[in-house]
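Student: Pasting in a structure now, in structure tokens, and then I'll have a few things to ask.
The values are calculated or read from the model by the stated rules, or taken from the named source; none is laboratory data. Quick caveat, the model's predicted, so the values are computed rather than measured. Cβ coordinates were reconstructed from backbone atoms using ideal geometry, including for glycine residues, and neighbour counts include every protein chain displayed.
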Amino acid sequence: MTTLTADLVDYADAVRRYDPVLGIEVHVELGTRTKMFDGAEASFGADPNTQTTPVSLGLPGALPVVNGKAVEYAIRIGLALNCEIAETCRFARKNYFYPDVPKNFQTSQYDEPIAHDGWVDVELEDGTVFRVEIERAHMEEDAGKNTHVGGATGRIHGAEYSLVDYNRAGIPLVEIVTRPIEGAGERAPEVARAYVQTLRDIFRALEVSEARMERGNVRADVNVSLRPSPDAPLGTRTETKNVNSFRSVERAVRYEISRQAAVLDAGAAVVQETRHFHEDTGSTSSGRVKSDAEDYRYFPEPDLVPVAPSREWVEEIRAALPELPAARRRRLQGEWGYADAEMRDVVNAGALDLIEATVAAGASPAAARKWWMGELARHAKQAEISLEEVAITPAQIAQLQSLVDAGRINDKLARQVLEGVLAGEGDPEQVVVARGLEVVSDDGALLAAVDEALAAQPDVVEKVRGGNLGPVGAIIGAVMKATKGQADAKRVRELVLERIQG
Amino acid sequence: MSTISRDEVARVAALARIDLRPDEVDRLAGELDVIVDAIARVSEVATPDVPATSHPLPMTNVFREDVPVPGLPVDDVMAGAPASEDGRFLVPQILGEE
């Protein structure tokens, strides 16, 4: 096993003395019903090897046919990433031997990808926009799934044998390859993370994939190299494979920068190799060294004819593209009148969809933001869950706010109502009734409490009568306390002053 | 003019996981040479403006509808497997890596 305790240079020091360059390959599994080259189901979670055909098993004589929907999705992705869509392109065989590739080659695209030369703007958490150039996006197929049995950790090392399930073999993939990402400097890890996140959001908006990271629908290979300065030639890169969460992408880049800096500081050369990321330690370890043994002997796939998307078809797809996440954010910010910083906080908190739904349910944008970014964000943080997991719906928040707006509850009561909803006591309406939380608007009941408070604090009454309105708060406070906060404070004040001065 | 060396044959054979004896390597180097020479003759005739042909048929965009077909029964899938476990193919320990 390769060492996990490699020498590391302190990150800040590493990026002060070296300029990192990234290259990121993102694979996305398309959400088509069937596989790329055959009609086997492409859904997730079926019993092993129940979703195969002779094509996805690589049986001799089986002939592939391209899934037209997958081509459409690939074009959608290409257009959303501002790519050129090839007038004609073809598939190629990438030959290698591994049990999860039953044909002994992966059907991919090589010299003729379907989309090329694009870009995407990536927004960092502080609002900085970083443009990432896209070299290409090509179509290919996923491999089967290996389970390693007998090793201590379930990883390959120490495994006695492997079990292979080909349900995933042949599921359509689009691989998106960036050009070298330069100029990110110390923010390289953040840029890498934001890039992958941006793509994930775009895939979802395009409805080409469920894009669930935890299911491996989106996987990233991260290339990192260092050079002494931005005008020096590119350094030797490593490729950290299959980094499958946003956080891991950030950590893997950060780790590689610190590790490579240590290698270079020691006067050694970075080895061009693939590396594995370890979730538990946040480190990478050496995988296989790239050598000329890794010759994929690409050649054009003779069993598939070229794909030549007509310009009419491409324009049709372009015209039907949905609103993309960045445009949507700009539109909603305009509609809601949020300041830049407010909008960023909302986006970073993952509250955008929730607030949109709350506004749609009738709440004002300001009120929706107040609830989700205030009370509910605190609740989520305390419970260590995401905002989406909080047990309240946007419609319930809108109802809660409408109760406040109608004067039936005040802010303090609203928080108690919220507690009730979160505790599963029903809609805000029901909680108000069940807990008896409505504002006391009956003057009779209030006056009794007011009189009681006045009688208890004759000195205050004297002062107020003498023209000093300052201490009146003490009386109001007492009334609020006596009514358990269910009084309308403004009305209480009116009644108190009437009583004293009247 | 010999263009295919013994080493090259051995390398390509290794890449393709074909186990060749030394005498087979020698024989194939000669035979492949003949093929490469023949192709070279074609290249002499084909001017640069003739595009390389990967598909002899003038066809494009042969697509399938995205409609599922029933999967093969698992018993059929496993029929050719030398070994299996829990409906999955059992393969020897993998020495490479993912």
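Student: Considering each of A:Ala341, A:Ala366 in turn, give the residue that is aliphatic (A, V, I, L, M), part of a helix (DSSP H, G or I) and surrounded by 13 or more Cβ atoms within 10 Å (Cβ to Cβ).
Tutor: Details: A:Ala341 fails: surrounded by 13 or more Cβ atoms within 10 Å (Cβ to Cβ).
None of the others qualify; the one that does is A:Ala366.
Student: Return only the number of the condition from (1) within 9 Å of another protein chain (Cβ to nearest Cβ); (2) in contact with a helix residue (DSSP H, G or I) (Cβ under 6 Å, 6 or more places away or on another chain) that B:Ala10 does not satisfy.
Tutor: Single failed check for B:Ala10: (1).
Student: Which ones in the stretch A:66-96 are farther than 30 Å from B:Ala79 by Cα, of a type in the set (Val, Ile, Thr) and buried (at least 17 other Cβ atoms within 10 Å of the Cβ)?
Tutor: Going residue by residue through the stretch A:66-96, those that are farther than 30 Å from B:Ala79 by Cα are A:68-91.
So of that shortlist, the ones also of a type in the set (Val, Ile, Thr) come out as A:71, A:75, A:77, A:85, A:88.
Within the stretch A:66-96, A:Val71, A:Ile75, A:Ile77, A:Ile85 qualify.
Student: Taking the stretch A:133-147, which residues are in a strand (DSSP E or B) and within 13 Å of chain B (Cβ to nearest Cβ)?
Tutor: Keep residues of the stretch A:133-147 that are in a strand (DSSP E or B), which gives A:133-141, A:145-147.
Hits for the stretch A:133-147 are A:Met139, A:Lys145, A:Asn146, A:Thr147.
Student: Further question: With respect to the numbered conditions (1) surrounded by fewer than 14 Cβ atoms within 10 Å (Cβ to Cβ); (2) of a type outside the set (Val, Ile, Thr); (3) more than 22 Å from the chain's Cα centre (by Cα), which one is the sole condition not fulfilled by A:Lys381?
Tutor: Checking A:Lys381 against (1) surrounded by fewer than 14 Cβ atoms within 10 Å (Cβ to Cβ); (2) of a type outside the set (Val, Ile, Thr); (3) more than 22 Å from the chain's Cα centre (by Cα), the one that fails is (3).
Student: Within the set of pairs 6+ apart or on separate chains, which have a first residue in the stretch A:392-415 that is part of a helix (DSSP H, G or I), a second that is charged (D, E, K, R), and C-beta atoms under 7 Å apart?
Tutor: Correct list of pairs: A:Gln396/A:Asp427; A:Gln399/A:Asp427; A:Gln399/A:Glu429; A:Val404/A:Asp411; A:Arg415/A:Glu375.
Student: Taking into account only those residues within the stretch A:54-73 that are within 8 Å of another protein chain (Cβ to nearest Cβ) and within 26 Å of A:Phe203 (Cβ to Cβ), which is nearest to the chain's Cα centre (by Cα)?
Tutor: Restricting to residues being within 8 Å of another protein chain (Cβ to nearest Cβ) and within 26 Å of A:Phe203 (Cβ to Cβ), the top hit is A:Ala70.
Student: Criterion first (free of Cβ contacts under 8 Å to residues at least 40 places away in the same chain and not in a loop (DSSP other than H, G, I, E, B)) does A:Glu214 satisfy it?
Tutor: yes
Student: With (1) of a type outside the set (Val, Ile, Thr); (2) touching a residue at least 60 places away in the same chain (Cβ under 8 Å); (3) closer than 24 Å to B:Ser54 by Cβ as the list, and A:Asp100 as the residue in question, which single condition is left unmet?
Tutor: Of everything listed in (1) of a type outside the set (Val, Ile, Thr); (2) touching a residue at least 60 places away in the same chain (Cβ under 8 Å); (3) closer than 24 Å to B:Ser54 by Cβ, A:Asp100 misses just condition (3).
Student: Now, a different point. Among the helices (runs of 4 or more DSSP H) contained in chain B, which hold 1 or more residues that are under 30 Å from A:Thr53 (Cα atoms)?
Tutor: Details: elements: B:6-15, B:22-45, B:74-79.
Output list reads B:6-15, B:74-79.
Student: I've got another one for you. Out of A:Leu124, A:Leu63, which single residue is surrounded by fewer than 22 Cβ atoms within 10 Å (Cβ to Cβ), of a type in the set (A, V, I, L, M) and under 24 Å from A:Val21 (Cα atoms)? Give the derivation first.
Tutor: Numbers: A:Leu63 fails: under 24 Å from A:Val21 (Cα atoms).
Unique residue meeting the criteria: A:Leu124.
Student: Among A:Thr88, A:Thr128, which is hydroxyl-bearing (Ser, Thr, Tyr) and away from every other protein chain (no Cβ under 14 Å)?
Tutor: Working: A:Thr88 fails: away from every other protein chain (no Cβ under 14 Å).
Matching residue, one of A:Thr88, A:Thr128: A:Thr128.
Yes or no, residue by residue, for (1) under 21 Å from A:Pro365 (Cα atoms); (2) hydrophobic (A, V, I, L, M, F, W, C); (3) touching a Leu at 6+ places or on another chain (Cβ under 8 Å):
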{"site": "A:Asp411", "(1), (2), (3)": "yes, no, no"}
{"site": "A:Val417", "(1), (2), (3)": "yes, yes, yes"}
{"site": "A:Gln430", "(1), (2), (3)": "no, no, no"}
{"site": "A:Val450", "(1), (2), (3)": "no, yes, yes"}
{"site": "A:Met480", "(1), (2), (3)": "no, yes, no"}
{"site": "A:Arg499", "(1), (2), (3)": "no, no, yes"}
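Student: Of the residues B:Leu90, B:Leu57, B:Leu72, only one is facing another protein chain (nearest Cβ under 7 Å) and in contact with a helix residue (DSSP H, G or I) (Cβ under 8 Å, 6 or more places away or on another chain); which? Give the steps one after another, and end with the answer.
Tutor: On the way: B:Leu90 fails: in contact with a helix residue (DSSP H, G or I) (Cβ under 8 Å, 6 or more places away or on another chain); B:Leu57 fails: in contact with a helix residue (DSSP H, G or I) (Cβ under 8 Å, 6 or more places away or on another chain).
B:Leu72 is the lone residue from the list that is facing another protein chain (nearest Cβ under 7 Å) and in contact with a helix residue (DSSP H, G or I) (Cβ under 8 Å, 6 or more places away or on another chain).
Student: Moving on to the next point. So for the stretch A:274-295 (the condition being touching a Leu at 6+ places or on another chain (Cβ under 7 Å), among the hydroxyl-bearing types (Ser, Thr, Tyr) and in a loop (DSSP other than H, G, I, E, B)), does at least one residue qualify?
Tutor: Taking every residue of the stretch A:274-295 in turn, at least one turns out to be touching a Leu at 6+ places or on another chain (Cβ under 7 Å), among the hydroxyl-bearing types (Ser, Thr, Tyr) and in a loop (DSSP other than H, G, I, E, B).
Student: Let me ask another. Can you find even one residue in the stretch A:22-30 that is buried (at least 16 other Cβ atoms within 10 Å of the Cβ), within 14 Å of chain B (Cβ to nearest Cβ), in contact with a Pro (Cβ under 7 Å, 6 or more places away or on another chain) and at pLDDT 95 or above? If you could, list the steps in order and put the result at the bottom.
Tutor: Going residue by residue through the stretch A:22-30, those that are buried (at least 16 other Cβ atoms within 10 Å of the Cβ) are A:22-30.
Applying the additional criterion that residues be within 14 Å of chain B (Cβ to nearest Cβ) yields A:27, A:30.
Still in the list and also in contact with a Pro (Cβ under 7 Å, 6 or more places away or on another chain): A:30.
Narrowing the set further to residues that are at pLDDT 95 or above leaves A:30.
The answer is yes; a qualifying residue exists.
Student: Please determine whether any residue of the stretch A:254-267 is surrounded by 16 or more Cβ atoms within 10 Å (Cβ to Cβ), more than 30 Å from A:Gly68 (Cβ to Cβ) and either at pLDDT below 95 or touching a Lys or Arg at 6+ places or on another chain (Cβ under 8 Å) (or both).
Tutor: There is at least one residue in the stretch A:254-267 that is surrounded by 16 or more Cβ atoms within 10 Å (Cβ to Cβ), more than 30 Å from A:Gly68 (Cβ to Cβ) and either at pLDDT below 95 or touching a Lys or Arg at 6+ places or on another chain (Cβ under 8 Å) (or both).
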